[in-house]
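Peer 1: Below is the structure I would like to discuss, written out as structure tokens.
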């Protein structure tokens, strides 16, 4: 008897979940309400898709484990993505000063458009066979609080009941999973939102001649200055282009007007981002998005959880995109699903509960990092610092200060921010010692650029 799985949502989380399920079922049907592009083009249902994305080392490793038929890294590099070392290929200003560029090894990440990444993963998963896309909107789950047995879909040719042996909700920030679960008798899934009011504004530029190898540039927001956070970054993406993304929390939002966009960039704590884009040819207008709150569901804490139903990706937890965690959390969650399927099989008792508890650990690490920063911005809704937050803030600032001039501290921070290790990495003896000693090199007075790079940026 053939076995079918249904995945709700054809975004990154959905396609990775489909890859995990394709190893144990005969057919995976992925439902999405949008018409999906045939190539690396932006899609309507992804409001953050036009803004800066970095694929962290931990997320890339999970994707490589999940996606059959060749390396996602190699696919992306062949299409023009850039591989970036956290140690040497970034120029970054943090709350405690400029970070150094080190010659030693560091985690690597990929810089490209979200459209390219989504297309590369979708194309690879569909090429393997056993996974097919259908257009339609899932409107409810079939089953009860003990077990989900399928979905009801509203499509162009009418409603359809689709039986399934397993269902994954990966429908993103707009998921209606709370209402779906209540309808089948699961009424105690707690939710939380922490919203700093962040607004993203992004414009694409042609990379100027001679600037092709300019490092990724990031000016981070300061959550501790009792002022709205303002940040900016310039990333190389495929097609010889720069993606310039500006962001500001409530009261410090970046503008959509092109001239004001440039002024905002030049008025950041350092004018580097503004100097770079001032000399580059703009290829698009300014795209603005406000879908940036941290929102989390806690299915692992529900008293009853139905068998054969799992929530992944942004439907489970979405994060302020400034921290670059969402794609990697989705990939790591799908890998947990794959490993539990391999361990217990599709019909193993308690499988869904085990997956939700496993993904909760990944979500908690990212949530702690994102919310632990956002609660300090003025005007943040849904959370405020308590005593544990204040103690953690003091240690975090000490660690970040050490990172500006200590390779040992930098490696610990890289491991956590790249999601190759959890936050406890910062509490290991060597990391604690590095934080206690502080920076062993003098602080930098400006961005760590070579003479050639300074010339590109128009800096003396």
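Peer 1: If you wrap a convex hull around the C-alpha atoms of the stretch 205-248 and split its volume per residue, what is the figure in Å³?
Peer 2: Numbers: hull volume 3.0 nm³, N = 44.
That works out to 68 Å³ per residue.
Peer 1: Report, in deg cm²/dmol and to the nearest 500, the calculated mean residue ellipticity at 222 nm for the chain, where each DSSP H run with n ≥ 4 adds -39500 (n - 2.57) and the sum is divided by the residue count. Before the final figure, lay out each step's value.
Peer 2: On the way: 13 runs with 151 residues, N = 460.
Rounded to the nearest 500, the figure is -10000 deg cm²/dmol.
Peer 1: Quick one: which of 176-182, 306-312 comes out on top by average Cβ neighbours within 10 Å, and what's the full order, highest first? Numbers along the way, then the final one.
Peer 2: Working: 176-182: 17.6, 306-312: 25.9.
Descending mean neighbour count gives 306-312, 176-182.
Peer 1: With Kirkwood's inverse mean 1/r over C-alpha pairs for Rh, give me the Rg to Rh ratio of the stretch 409-448, two decimals please. Mind dumping the intermediate values first?
Peer 2: Details: Rg = 11.7 Å, Rh = 11.1 Å.
My calculation of the ratio gives 1.05.
Peer 1: Still on this model: Kirkwood hydrodynamic radius of the chain from all distinct Cα pairs, in Å? Walk me through the numbers on the way to the answer.
Peer 2: Working: mean 1/r = 0.0438 Å⁻¹.
It works out to 22.8 Å.
Peer 1: Return the whole-Å distance between the Cα centroid of the stretch 425-460 and the Cα centroid of the stretch 1-37.
Peer 2: Cα centroid to Cα centroid, the span is 44 Å.
Peer 1: Here's something else I'd like to know. Using square roots of five times the C-alpha gyration tensor eigenvalues, list the equivalent-ellipsoid semi-axes of the stretch 207-322 in whole Å, biggest first. Intermediate values should be presented prior to the final figure.
Peer 2: Details: eigenvalues 243, 69, 30 Å².
Equivalent ellipsoid of the stretch 207-322: 35, 19, 12 Å, largest first.
Peer 1: With a 10 Å radius around each residue's Cβ, average the other Cβ atoms per peptide and rank 383-395, 107-119, 328-340, highest first. Don't jump to the answer; show the numbers that get you there.
Peer 2: Numbers: 383-395: 12.5, 107-119: 22.4, 328-340: 25.9.
Those peptides, ordered most packed to least, come out 328-340, 107-119, 383-395.
Peer 1: Continuing with this model, one more query. Shape of the stretch 226-294 from its Cα gyration tensor (a ≥ b ≥ c, root eigenvalues): rounded if a/c is under 1.5, otherwise prolate when a/b > b/c, or oblate? Intermediate values should be presented prior to the final figure.
Peer 2: Working: a/c = 1.78, a/b = 1.40, b/c = 1.27.
It is prolate, given that a/c is not under 1.5 and a/b is the larger ratio.
Peer 1: For the stretch 289-385, what size does the Cα cloud have along each of its three principal axes, sorted from largest down, in whole Å?
Peer 2: 48, 26, 21
Peer 1: Fewest first, what order do 377, 261 take by the number of other Cβ atoms within 10 Å? Walk me through the intermediate numbers first.
Peer 2: Working: 377 26, 261 23.
Final ranking by Cβ density, sparse to dense: 261, 377.
Peer 1: Is the C-alpha gyration tensor of the stretch 1-89 telling us rounded, prolate or oblate? Criteria: a/c under 1.5 is rounded; beyond that, a/b larger than b/c is prolate, otherwise oblate.
Peer 2: Numbers: a/c = 2.39, a/b = 1.45, b/c = 1.65.
Verdict is oblate for the stretch 1-89.
Peer 1: Okay, moving on. Taking the Kirkwood radius as the inverse of the mean 1/r across Cα pairs, report the Rg/Rh of the stretch 276-332. Don't jump to the answer; show the numbers that get you there.
Peer 2: Working: Rg = 17.6 Å, Rh = 14.6 Å.
In the stretch 276-332, Rg relative to Rh is 1.21.
Peer 1: Can you tell me the equivalent ellipsoid semi-axes for the stretch 126-168? Use √(5λ) from the Cα gyration tensor, largest first, whole Å. All intermediate terms of the calculation are to be shown ahead of the outcome.
Peer 2: Numbers: eigenvalues 78, 52, 9 Å².
Values for the stretch 126-168, descending: 20, 16, 7 Å.
Peer 1: For a protection proxy built on the mean count of beta-carbon atoms within 10 angstrom, sort 188-198, 207-217 highest first, please.
Peer 2: Numbers: 188-198: 18.2, 207-217: 16.5.
The packing order, highest mean first, is 188-198, 207-217.
Peer 1: So, in Å, what gap is there between the alpha-carbon centers of the stretch 316-345 and the stretch 60-79?
Peer 2: The stretch 316-345 and the stretch 60-79 have Cα centres separated by 16 Å.
Peer 1: What is the Cα centroid distance between the stretch 94-132 and the stretch 240-297, reported in whole angstrom?
Peer 2: Cα centres, the stretch 94-132 to the stretch 240-297: 21 Å.
Peer 1: Run through the DSSP bridge list for the chain and note the antiparallel percent, rounded to the nearest 5.
Peer 2: Working: 51 of 73 bridges.
Around 70 percent of the beta bridges assigned by DSSP in the chain are antiparallel ones.
Peer 1: Can you bin the stretch 354-448 into rounded, prolate or oblate? Criterion: square roots of the alpha carbon gyration tensor eigenvalues sorted a ≥ b ≥ c, rounded for a/c under 1.5, prolate for a/b above b/c, oblate for the rest. Walk me through the intermediate numbers first.
Peer 2: On the way: a/c = 2.07, a/b = 1.38, b/c = 1.50.
Here the stretch 354-448 falls in the oblate category.
Just so you know, all these numbers are worked out from the coordinates, no wet-lab data involved. None of these values were measured; they are calculated from a predicted model. All Cβ positions, even for glycine, are placed from backbone atoms using ideal geometry, and neighbour counts span all protein chains on display.
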